[in-house]
Structure formats: structure tokens, C-alpha cells
Amino acid sequence: MSLPVTRAGHYVKQAAGFRAFVPAPLPPTPPVHFDADMVALLSRADQALGRLDGLAQTLPNPDLFVAMYVRREGEQCTLSVVQPCGTDGHNRRTLGGNVAA
């Protein structure tokens, strides 16, 4: 499987099996061109972030709201990803993320 390389950066496969995104250095080459369409899109994105921030301010406890989605994500993970322990209960991972024998 080839890991995609884009103008924004690239992915690096880690020893633990996941991919880490490494951003490209700034400023980008070629530079970003800000025409009228780009400015309009950035304005719409800024407005949407402002609305999201405003809604977040109305939550009594944002941590509980986020925890609901983190929990749902955890329910979709496989057991081998969530629990890297052997059947005897000892953790098989070293500090470097590799599985110990």
C-alpha cells in the first residue's frame, strides 16, 4: 500500500502500525494564491468556525460532549488496538511502541 504524498505533507507508517501525518515545511511552494473565490471560501469557513464556537459556549460541560464521541470511536476499535496486552495481563509493548517477546 502506497502512502499518499500531497502538497500539504505525507504519511509515515509507524512501528505500532498506524500512520502519522508529517506536514510539509512552510511557506508552501508554490505560494497559495488568494483570489476572490479563495477569500470567499475562507470567509465562509471562518463564519462556520465562529458558529461552532458560539454553540460550544452554550454547552454546560463540553468535556462530556466530546467524551461521547471519543467513546463511540473506542467502540469501533478492534480489541487488539485498544488492549495491547497478553492473555496473562502483562503489557507486551515497550516504550518504543514495539511488541516485546
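Checking every one of the trypsin sites (Lys or Arg not before Pro) in region 1-32 against DSSP loop status and a limit of 14 other Cβ atoms within 10 Å picks out Arg7.
Taken one residue at a time, the phi angles of region 49-64 give Karplus couplings (6.51, -1.76, 1.60, θ = phi - 60°) of 5, x, 5, 4, 5, x, 5, 5, 5, 8, 6, x, 8, x, 4, 5 Hz. Gly and Pro are set to x.
Every read-out reported here was derived from the displayed coordinates using simple, explicitly stated rules and does not represent laboratory data. What you see is a predicted model; the values in this text were computed from it and never measured. Cβ atoms come from the backbone with ideal geometry, glycine included; neighbour counts cover every protein chain shown.
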